[in-house]
Amino acid sequence: MSNAVPPPGSGSPASASAAASAGVSRGTPGSGRPSPEALLSSLARDERRERLTHVHRVPARAASPAPWPEWVTPSLYAALTQAGLSSLWSHQLEAAETAHAGTHVVLSTGTASGKSLGFLLPALSDVVDGSTAPNGRGATALYVAPTKALAHDQLDRLHRLALPGLRAAAYDGDTSPEDRRWVREHANYVLTNPDLLHHSLLPGHEHWAPFLRALRYVVLDECHVYRGVFGSHLAMVLRRLRRVCARYRSAPTFVLASATVAEPAVHAGRLVGMPVHPVTEDGSPRAALTFGLWQPGETGNAWRPHLTPEPPHGDGGPELESQGDNRSEPEAPESATTVSLKPDGSGRSSRRRSAVAESADLLTDLVAQGVQTVAFARSRAGVEVISAAARSHLCELDVALGDAVAAYRGGYLPEERRELEAALRAGGLLGLAATTALELGIDISGLDAVLLAGWPGTRASMWQQAGRAGRAGAESLAVLVAADDPLDTYLVNHPDAVFGQSIEAAVLDPENPYVLGPHLAAAAAELPLTEADATYFGPSMPPLLDGLTASGVLRRRPTGWFVANGERPADRVSLRGSGTTLRIADHRTGRVLGTIDDARSHTAVHPGAVYVHQGETYVVLNLDLDEGCALVRVGDPGWSTQARSVSAFDIVAVERSRQWGAVGCHFGDVRVQTQVTSFLRRLPTGEVIGEHPLVLPVRSLPTKAVWWTIPVELLAAWNVPEAAIPGAAHAAEHAAIGMLPLVATSDRWDIGGVSTERHPDTGLPTVLVYDGYPGGAGFAERGYHAMETWLSGTRDAIAGCACLSGCPSCVQSPKCGNGNEPLDKARAVSLLDITLDGAHRRP
């Protein structure tokens, strides 16, 4: 018997019998539930038929079962077999055996493939076996998840196992001081997140000495999340952890669980700083999946949800983009078949409806047909809009149906999230609008359909979200609804770029000096640094130590480098951003509402800015950069704000170059200077009602960039006269920023761009795209290596857009500091044609 009924804690679907008893229909043959193909046809009926641009079908996959390893402790074996598990999948066994043998391993397989069991078997076996040791502690394990919600979900599974001797506990920001002491002194399986590891456990490692001395396993769940600057920070935290463990004479085995990513062993190795064995062959069964690509209709042509007697209300306001929280999962198998459909080629130039508004209508249709559906949105605001609009539409049908839809996102209290998860599992909720907080491993079973309101950032994340449906073995439906931006529009009309490409590699740079330097200071506060620590931190450590010593952060003594003052350097490092953070506080009470990276403060919390936090609207009264605080007042003025800025860049060093004919392509170090000079006030209609000057300092960002140059004469020969170069280059820059995620795991908010008709360092018209983090994050470098693919996609996205002179689907940018002026769509295509012509002519 295979493990068709996975146990609690396996990360796999709950049993079909348990689901049936909860009253959740699985959509299996004979259940009366429409097939995925029929559901998709019902959504794309009548005037909406042209919105469905492509259908992709992923065939079912058979299981590859494997036997139990003999070393599994009897109590764990009994708990799992009582839950209906009599054998493993092949990848679970390989990962468990590898970790049990003491080899670092990364398990990279698809959604609902039971990855958790790959690390639970060795970790729980050793922990439970060691619980009878004389000191009562024995072996210990540390589980690190990117979110508190995921850690608590894992903790609930462990509690349900009821293993004798297992003392599992969460250690996070919600843990009381009394409970923290108990965890340090008694727990043998601790679940935490990178932030608590960085800010609490490592700086206070003396309090954790018994736990660290016995540490046998470190589990990194959903490790594909750790990319870019966040990944680089975590890589430093893990090196600090290894160093502290060595102080207590332990050398834990690292076990990483990941969605399917390119080169998982390389990514995992960069994170932990050691070789890691990959397990990538997925042995779990998977039912067939039908995947539709959907381009919303034009504004003003909203369509009536299925069975609703009245048209829906408006689109719910402008769609907000996320601040760079994109995740991951598996690529479609090569054997998948596709059905091509023609995109809309009407040539109309009006703006399309937002992905949020369109997804709300689709969610309404599916819930009205009894189809349990999750709609993923890219922002918290989008989640609230989708759920509110769907509830409103459904109440027109039946008031009770309105209660069957809810929102799920970060910022909710833990008990609220647990209630929502339980209601979804039990079938009380038919529709849920969610951020990626639900994507990261929360065990939700039996969903029939998934909607993706906008491209989630990577193919890996797309498959991770789509995998939320069909978890009980039934066929499922997924629909990607394009947002009104260049990348989304391009993807839904170029399905090969979605389904015909491999999963992206996760990008991080452990040697980024702007990340490594602050962590060296934090490490010195934990234990004095010595030259031998270069084995953890690499060859860049010595010169950075010299710089930290010269600046007074560290002090050198004969026994090593020490922190020069009583501060805690870890408190000055934001893992999920770069540099320092600023507090956002209520001006009346002083209550801190949240934090923001210093780098974003000028554009997001300048004086007069409208700031939204957990659905509440505030106006910024003052930004004190010296004190690191923005004071806000609650209240909705009825408008939004957008900062305007001017930018320039200096080329510091060219690392790589190549010539495409007369076109020069380059990658290297740059220094970008940006100054926010004013902000606009906009009504919900988009009308600008005022521009107000700001006096803020110039920000200087040393980073990595990719850029290309074109001679003025060549541009003129291709009908781009000198007077048109600024608009052509600016439009190409915007589109290139939006399209970089096609080849790199970035979000458009992770990167920036500058263009100029004649740059002083190059003497030529220059278009530059840079990483928005000090020292770079690896995105621009990926763009340089895949430049032809990237710019070809950019050119096609602009040329294929139906608008007349430029729109958010092609060359307009939601974060343009110049108010999207000047832009020349037609000549941007010519500029990119010149560039690519040079690429085709190169030797």
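The values are calculated or read from the model by the stated rules, or taken from the named source; none is laboratory data. Since we're looking at a predicted model, the values are computed, not measured. Please note: Cβ atoms are built from the backbone with ideal geometry, for glycine as well, and neighbour counts cover all protein chains shown. Surface accessibility is based on the protein's heavy atoms, side chains included, excluding ligands, DNA and RNA. Shrake-Rupley method; radii C 1.70, N 1.55, O 1.52, S 1.80 Å.
Things worth noting here:
- Of the residues making up the stretch 774-783, none is of a type outside the set (G, A, S), modelled with pLDDT of 90 or more and either in contact with a Pro (Cβ under 8 Å, 6 or more places away or on another chain) or more than 18 Å from F667 (Cβ to Cβ) (or both).
- In the stretch 509-529, the condition of being modelled with pLDDT of 90 or more, more than 28 Å from E206 (Cα to Cα) and surrounded by fewer than 22 Cβ atoms within 10 Å (Cβ to Cβ) is met by no residue.
- Residue in the stretch 753-767 that is more than 16 Å from N820 (Cα to Cα), in contact with a helix residue (DSSP H, G or I) (Cβ under 9 Å, 6 or more places away or on another chain) and either crowded, with 24+ Cβ neighbours inside 10 Å or at pLDDT below 90 (or both) present: yes
- Residues in the stretch 421-434 that are over 20 Å from P36 (Cβ atoms) and either modelled with pLDDT under 80 or surrounded by fewer than 21 Cβ atoms within 10 Å (Cβ to Cβ) (or both): E421, A422, A423, R425, A426, G428.
- Selection status of A112, of a type in the set (A, V, I, L, M), out of contact with any Phe, Trp or Tyr (no Cβ under 7 Å at 6 or more places or on another chain) and assigned to a loop (DSSP other than H, G, I, E, B): yes
- The residues in the stretch 539-569 that are in contact with a Leu (Cβ under 9 Å, 6 or more places away or on another chain), surrounded by fewer than 17 Cβ atoms within 10 Å (Cβ to Cβ) and touching a residue at least 40 places away in the same chain (Cβ under 8 Å) can be counted, and the count is 0.
- Only one entry of A265, A251 meets the criterion of being farther than 30 Å from S41 by Cβ and in a helix (DSSP H, G or I), and that entry is A265.
- For the stretch 574-595, a residue qualifies if it is open to solvent by less than 10 Å² (accessible area, probe 1.4 Å) and at pLDDT below 85, and the qualifying residues are L575, G577, L582.
- Check on D533, crowded, with 16+ Cβ neighbours inside 10 Å and among the charged types (D, E, K, R): yes
- Matching residues, the stretch 475-489, being buried (at least 24 other Cβ atoms within 10 Å of the Cβ) and either of a type in the set (A, V, I, L, M, F, W, C) or at pLDDT 85 or above (or both): S476, L477, A478, V479, L480, V481, A482, A483, L487, D488, T489
- Within the stretch 197-209, considering residues that are surrounded by fewer than 21 Cβ atoms within 10 Å (Cβ to Cβ), within 32 Å of the chain's Cα centre (by Cα) and without any contact (Cβ under 8 Å) to a residue 40 or more places away in the chain, the one nearest to E419 (Cα to Cα): S200
- Here A599 meets the list (1) open to solvent by less than 10 Å² (accessible area, probe 1.4 Å); (2) small (G, A, S); (3) assigned to a helix (DSSP H, G or I) almost entirely, failing just condition (1).
- Any chance G775 is assigned to a helix (DSSP H, G or I), small (G, A, S), surrounded by 18 or more Cβ atoms within 10 Å (Cβ to Cβ) and within 22 Å of the chain's Cα centre (by Cα): no
- Some residue of the stretch 614-625 being within 19 Å of L520 (Cα to Cα), open to solvent by 50 Å² or more (accessible area, probe 1.4 Å) and in a loop (DSSP other than H, G, I, E, B): no
- Remark: A780 falls outside the filter, which requires a residue to be farther than 17 Å from A653 by Cα and either among the aliphatic types (A, V, I, L, M) or open to solvent by 40 Å² or more (accessible area, probe 1.4 Å) (or both).
- Any hit, the stretch 83-90, residues being under 26 Å from H224 (Cβ atoms), touching a helix residue (DSSP H, G or I) at 6+ places or on another chain (Cβ under 8 Å) and hydroxyl-bearing (S, T, Y): no
- Scanning the stretch 245-294 for residues that are open to solvent by less than 10 Å² (accessible area, probe 1.4 Å) and of a type in the set (S, T, Y), we see that the one that is nearest to E206 (Cα to Cα) is S258.
- Of all the numbered requirements in (1) part of a helix (DSSP H, G or I); (2) touching a Leu at 6+ places or on another chain (Cβ under 6 Å); (3) among the acidic types (D, E), E691 misses one, and that requirement is (1).
- Boolean, R782 is outside any loop (DSSP other than H, G, I, E, B) and of a type outside the set (S, T, Y): yes
- Filtered residues of the stretch 786-843 (kept if open to solvent by less than 60 Å² (accessible area, probe 1.4 Å), small (G, A, S), closer than 14 Å to V720 by Cβ and out of contact with any Leu (no Cβ under 9 Å at 6 or more places or on another chain)): A828
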